[in-house]
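K.L.:
Got a structure here, written out as structure tokens. Questions coming.
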Amino acid sequence: MKLILAIVSNDDSSAVSTALTKGGFSVTRLATTGGFLRAGNTTIIVGCEDEKVDKAIELIGSESKRRTEIVPSTASYDIGRYASFPVEVQVGGATIFVMDVEQFIKL
């Protein structure tokens with residue numbers, strides 16, 4: 001048995017959850033915050049049999065699209081003076097961790 005943790009953009013989370021549920025997977029969603037952009041993410045937790053991992057990853061990937069966004073950035077120029085300028089960054093996609101599960105109990 002495997003545990004899949006998939007960190008996806010909030011913009012993609014509903015589509016990912018729906019695709020996984022339609023694919024026969026049980027899904028748990030957690031609201032999380034990314035460290036780099038400090039933007040909202042969703043961590044999706046899926047437990048599945050080893051042979052179903054590739055299918056789950058395929059479904060996550062099909063609904064998690066990478067895109068480019070312009071976000072404000074602040075740089076320090078002098079003591080107490082800051083300037084804000086836009087920075088282009090890649091957002092979206094998914095970060096996926098697959099872990100072995102030693103024991104699974106559902107009560």
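K.L.:
Which condition number does Phe36 fail, the rest of (1) at pLDDT 95 or above; (2) in a loop (DSSP other than H, G, I, E, B) being met?
P.N.:
Exception for Phe36: condition (1).
Conditions tested, residue by residue: (1) farther than 18 Å from Met99 by Cα; (2) touching a helix residue (DSSP H, G or I) at 6+ places or on another chain (Cβ under 9 Å).
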residue: Met1; (1), (2): no, yes
residue: Ile7; (1), (2): no, no
residue: Asp12; (1), (2): yes, yes
residue: Gly23; (1), (2): yes, yes
residue: Thr28; (1), (2): no, no
residue: Ala31; (1), (2): yes, yes
residue: Val46; (1), (2): no, yes
residue: Asp54; (1), (2): no, no
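K.L.:
Which count do you get for residues in the range 39-56 that are surrounded by 13 or more Cβ atoms within 10 Å (Cβ to Cβ) and either more than 14 Å from the chain's Cα centre (by Cα) or modelled with pLDDT under 95 (or both)?
P.N.:
Of the residues in the range 39-56, 9 are surrounded by 13 or more Cβ atoms within 10 Å (Cβ to Cβ) and either more than 14 Å from the chain's Cα centre (by Cα) or modelled with pLDDT under 95 (or both).
The values are calculated or read from the model by the stated rules, or taken from the named source; none is laboratory data. If you're wondering where the values come from, they're calculated on a predicted model, not measured in any experiment. Don't worry about glycine lacking a Cβ; one is built from the backbone with ideal geometry, like all the others, and counts go over all protein chains shown.
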